[in-house]
Amino acid sequence: MDFSRSTIIFSILLIVGACTTGRPSHQVANALKHPHCYKELVLPSMGTFFYIKVLTDCQNDKLEQLGPIIKSRLDVLEAEMSLYQPRSKISQLNKFGQVGGVSSDFIQLLQLSRESHSKTQGYFNPTVLPIIEEIKKQNDEFSGFNEAQKSQLKFITQMKSLKFDLADSSVWFTQDKMKLTLDGIAKGYAVEEVAKKLKPIFANFFLNFSGNVFAMGHDLGGDGWSLLVDNFVSGDQKKITLYNSALATSSSQYNFFSVDKKWHHVIDPVNVISTQRPTLTVRGPNAAVCDMLSTALLAMPSELAQKVLVHHYEGYFIVDGV
């Protein structure tokens, strides 16, 4: 998922709302020995907010204790992957064409990106930042790049020209003018990392990081966590229930560069244009993969998107948008 760096939490609404206590269903009540409450934590990160909601014993204060630990983990990820911090590792890479001392998180995301680029036939490509920057420079009369411009942009957005070495923790480009963005996968990865902190302690929790969602266990109503996802095409909302699974939505509706919203930040790297669909939602077991797929499949032809899921991503499904 490519993101607008705003304070807008994406249009995913948790149906249970912000209540702090409640009566559990019979199914959940049998598993709860003491009164249970919702407890919430909202942490600023990566230009937006990370929302955490747990269902736990009302006397349990472990979420509050975990808050600084989770915030520190998010700060580490932001310091590596934020395009808005000039000293971040990714900013240094984009400025100098090489960077050393990157974390295992950075390398893992590059490995996943390379694998995803292959499986999605090039539709997931974290080197698209030069295309986004060129689109930003255009005026409202812009109708697309000519063939020569497309050829040049494709040349500097080749994944094979992005290199990394796990042994010495270094990343570099082999072509000039290349730039990297991990906006299409980093937030989903962060959700997975926070979930790792919560799973040993809480059986029931809900995470939302700018439209990247993970739900574990149940809410007070039982049977998973219920939420609503906006469909920008129809204007309708779709109810979804998540149980031990993730969901991610990509959209062009919040970060666009032309009045008609045709030119925006979600890029089709194969055809060197902004994607034509306004939104797409993917659900599956892993938040980072959902994040990546929601970006890649938004740009793909519908038939190819379904084939990619069937052949490479068992357990992942398009919820809406195609």
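If you take the beta carbon distance between A203 and Y84 as r and set R0 to 41 Å, what does 1/(1 + (r/R0)^6) give as a FRET efficiency, to the nearest 0.05?
0.70
Could I have the simple spin-label model distance between K71 and F96, label points 7 Å from Cα toward Cβ, reported in nm to one decimal?
Between K71 and F96, the label points sit 3.1 nm apart.
Just grab the label-to-label distance for Y243 and D165, each label 7 Å out from Cα along the Cβ direction, in nm (one decimal).
Spacing of the two 7 Å Cα→Cβ label points: 5.0 nm.
When a footprinting reagent is the concern and you count Cβ atoms within 10 Å, what order do D75, D168, D223 take, fewest first?
Ranking D75, D168, D223 by Cβ neighbours within 10 Å, fewest first, gives D168, D223, D75.
So, in nm, how far is label E40 from label E134 when the simple model puts each one 7 Å beyond its Cα toward the Cβ?
Placing both labels 7 Å beyond Cα along the Cβ direction yields 4.4 nm.
Only sites in a loop by DSSP and with at most 12 other Cβ atoms within 10 Å count here; which GluC sites (Glu not before Pro) in the stretch 98-177 make the cut?
The qualifying sites are E141.
Could you tell me the distance between the Cα centroids of the stretch 279-303 and the stretch 141-169, to the nearest Å?
What the calculation gives is 21 Å, centre to centre.
Among K62, K196, rank each residue by its count of other Cβ atoms within 10 Å, from fewest to most, as a rough exposure measure.
K196, K62
When you count, for each residue, the other Cβ atoms within 10 Å and take the mean per peptide, how do 78-91, 284-297 rank with the highest first?
Descending mean neighbour count gives 284-297, 78-91.
Which lysines have a Cα lying under 27 Å from the Cα of K53, excluding residues fewer than 8 positions away in the same chain?
List returned: K33, K39, K62, K71, K187, K196, K197, K199, K238, K239.
No lab work stands behind these numbers, since they all come straight from the coordinates. All of these numbers come straight from a predicted model, not from anything done at the bench. Note that we place each Cβ from the backbone using ideal geometry, even for glycine, and neighbour counts take in every protein chain shown.
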